[in-house]
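Structure, as structure tokens:
The values are calculated or read from the model by the stated rules, or taken from the named source; none is laboratory data. Because the structure is a prediction, the values reported are computed rather than measured. Cβ atoms come from the backbone with ideal geometry, glycine included; neighbour counts cover every protein chain shown. Side chains included, ligands, DNA and RNA excluded: accessible areas come from the protein's heavy atoms. Shrake-Rupley method; radii C 1.70, N 1.55, O 1.52, S 1.80 Å.
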Amino acid sequence: MGIFIKNESQIALMRTASQICARTHELLAKYVKPGITTEELSKIAEEYIRGQDAKPTFLGYRGFPGAICTSVNEQVIHGIPGLTRLKNGDIISIDIGVSYKRFHGDAARTHPVGKITPEHQRLIDVARDCFFESMRYARQGCYLHEISASIDDYVIGQGFSVVQEWCGHGIGRQLHEDPQIPNTRQENRGPRLVKGMTLAIEPMINVGNHELNILDDTWTVVTRDGKYSAHYENTILITTADPEILTL
């Protein structure tokens, strides 16, 4: 399929989609408290996104039943919104995709619910920090897997494990485009980064080991050992200088 390089008008649409995505995250952060259900969070997100003349990308995507992904505690990704009621000590990873005039933005954040343990707060912090660590290599002339190696090295150095089976991706006219972006060190360098590439970089990291299971709903990915997982993602644009993070 090849990597789709965006022109200025396409990038402008992605900026709009991505900013709606970012504002939806900011809105939901105010509601992440003990007592709210994941379905309520999904409804708040969907109403806001549609109110911006955009669409929640995930709803119906390959059959996914929710407007957003809500993954609680040991759930890594693709948690389906439902009757789960958040309680003090939980963490929740919220992944949001937005489509605006057929172009996409995608971002994920992990939030504490009430008072959480220092270890789980550090998990959330490292998931975010490894993303920003990798941005040193998200530059024209670098190679894609320098991003991957940077994430892996940082997370392992902090004593956590990196999810191997799922990865980041190109994004634009489609939610998932080439290239795939692993979060673990690779043997090859991957493609060279050039201006106009748009990428969704999304480290997923675990307190325990990297082994995973998929629940009977065929969507929800969980840690096999039941330990907590965190997810952080932004849609970025490769430029001739520093990367532009579209979903901040």
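Here are some notes:
- Test for Leu13: is it over 16 Å from the mean Cα position of the chain (by Cα), touching a residue at least 24 places away in the same chain (Cβ under 8 Å), closer than 19 Å to Pro112 by Cβ and buried (at least 19 other Cβ atoms within 10 Å of the Cβ): no
- Failed condition for Asp129, given (1) touching a residue at least 40 places away in the same chain (Cβ under 8 Å); (2) assigned to a helix (DSSP H, G or I); (3) of a type outside the set (Gly, Ala, Ser): (1)
- Restricting Thr235, Thr218 to those that are surrounded by fewer than 20 Cβ atoms within 10 Å (Cβ to Cβ), at pLDDT 95 or above and over 14 Å from Glu146 (Cβ atoms) reduces the list to Thr218.
- Residue list for region 132-153, filter: open to solvent by 40 Å² or more (accessible area, probe 1.4 Å) and either within 19 Å of Asn206 (Cα to Cα) or not in a helix (DSSP H, G or I) (or both): Phe132, Glu133, Arg139, Gln140, Tyr143, Asp153
- Qualifying residue in region 169-178 (condition: assigned to a loop (DSSP other than H, G, I, E, B), surrounded by 22 or more Cβ atoms within 10 Å (Cβ to Cβ) and among the aliphatic types (A, V, I, L, M)): yes
- Residue list for region 202-248, filter: under 12 Å from the mean Cα position of the chain (by Cα) and not in a loop (DSSP other than H, G, I, E, B): Met204, Ile205, Ala230, His231, Glu233, Asn234, Thr235, Ile236
- Number of the exception - Ile92 against (1) surrounded by 16 or more Cβ atoms within 10 Å (Cβ to Cβ); (2) more than 15 Å from Leu246 (Cβ to Cβ); (3) in contact with a Gly (Cβ under 6 Å, 6 or more places away or on another chain): (3)
- Contact map, region 154-166: residues that are buried (at least 20 other Cβ atoms within 10 Å of the Cβ) paired with residues that are in a helix (DSSP H, G or I) and not aromatic (Phe, Trp, Tyr), Cβ distance under 6 Å, separation 6+ or inter-chain. Pairs shown: Tyr154/Cys130; Tyr154/Glu133; Val155/Cys130; Phe160/Val126; Val162/Asp152; Val162/Val155.
- Single condition Ala67 does not satisfy, out of (1) over 28 Å from Pro179 (Cβ atoms); (2) among the small types (Gly, Ala, Ser); (3) open to solvent by less than 10 Å² (accessible area, probe 1.4 Å): (1)
- Only a single criterion out of (1) among the hydroxyl-bearing types (Ser, Thr, Tyr); (2) within 16 Å of Asp217 (Cβ to Cβ); (3) touching a Ser or Thr at 6+ places or on another chain (Cβ under 8 Å); (4) open to solvent by 10 Å² or more (accessible area, probe 1.4 Å) is not satisfied by Tyr61, namely (3).
- Subset of region 103-131 (residues that are touching a His at 6+ places or on another chain (Cβ under 9 Å), more than 17 Å from Glu244 (Cβ to Cβ) and surrounded by 19 or more Cβ atoms within 10 Å (Cβ to Cβ)): Ala108, Arg109, Thr110, Ile124, Ala127
- Check on Gly79, under 15 Å from the mean Cα position of the chain (by Cα) and surrounded by 23 or more Cβ atoms within 10 Å (Cβ to Cβ): yes
- So Arg185, is it touching a residue at least 12 places away in the same chain (Cβ under 8 Å), under 19 Å from His210 (Cα atoms) and open to solvent by 60 Å² or more (accessible area, probe 1.4 Å): yes
- Within region 21-56, the set of residues being open to solvent by 20 Å² or more (accessible area, probe 1.4 Å) and under 18 Å from the mean Cα position of the chain (by Cα) comprises Arg23, Glu26, Leu27, Ala29, Glu46, Lys55.
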